[in-house]
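Undergrad: Got a structure for you, written out below as structure tokens; questions coming shortly.
Values in this text are rule-based calculations from the coordinates and carry no lab data. Source: prediction; values computed, not measured. So basically every Cβ, Gly included, is an ideal-geometry build from the backbone, and we count neighbours across all protein chains shown.
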Amino acid sequence: MPPARARGAAPGGAYALAGNPAAPAGVLLRLPALNDRSITYRLSYHPALPGEVAEAMLTHPERWVRHRLGESFTAAPELRARLLDGPASDAMAVAIGPNPYRIRAPLLPAAGGRPRPAGPGLLELLADPGTEMAAAANPALPPAEMAVLPDRQGIPR
């Protein structure tokens, strides 16, 4: 079990990974276990939310996690429609629909549309608690490093 945290005090690296478009599905699947609303909110607006992560959020026992998918404009309409088969409160989340004012700007292409390769500087930034969040959000972070970050923060598998 992860250490107790104050509400809204999400671990920076986990929060950053929730929005990283290059984060592997296996890493993203571990994030809802934190039961942190800011991380789940960010995860629901992930620019390329993998199907298995969306499915885990759709079947999550906590209503507020399912509602995040109902509010997300990045969730597939078919996925949001499946919420209609659940409790009335889930149907209400679908009826309210996505918030059009939560639109995120797309990432700017780097080096001709490809992420810059991760150099030793990026890994050093990841090791420093002060810059960990920015490094974890970088799509050039190697997937192996992304997979280790939740372990370092005590996020359960």
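Undergrad: Using packing as a proxy for protection, rank 14-25, 144-155 so that the peptide with the highest average count of other Cβ atoms within 10 Å comes first. Show your work: numbers first, answer last.
TA: Working: 14-25: 20.7, 144-155: 16.5.
Listed from highest to lowest mean packing, they are 14-25, 144-155.
Undergrad: Here is a further query. Residue by residue through segment 59-73, what is 3J(HN,Hα) from phi via Karplus (6.51 cos²θ - 1.76 cosθ + 1.60, θ = phi - 60°)? Round to whole Hz and write x for glycine and proline.
TA: 9, 5, x, 7, 4, 5, 5, 5, 5, 4, 5, x, 8, 7, 7
Undergrad: What does the net charge come to around ALA134 if you take all other residues with beta carbon closer than 13 Å to its beta carbon, with K and R at +1 and D and E at -1? It would help to have the intermediate numbers written out before the result.
TA: Working: positive: none; negative: GLU124, ASP128, GLU132.
Once all neighbours under 13 Å are counted, the net charge is -3.
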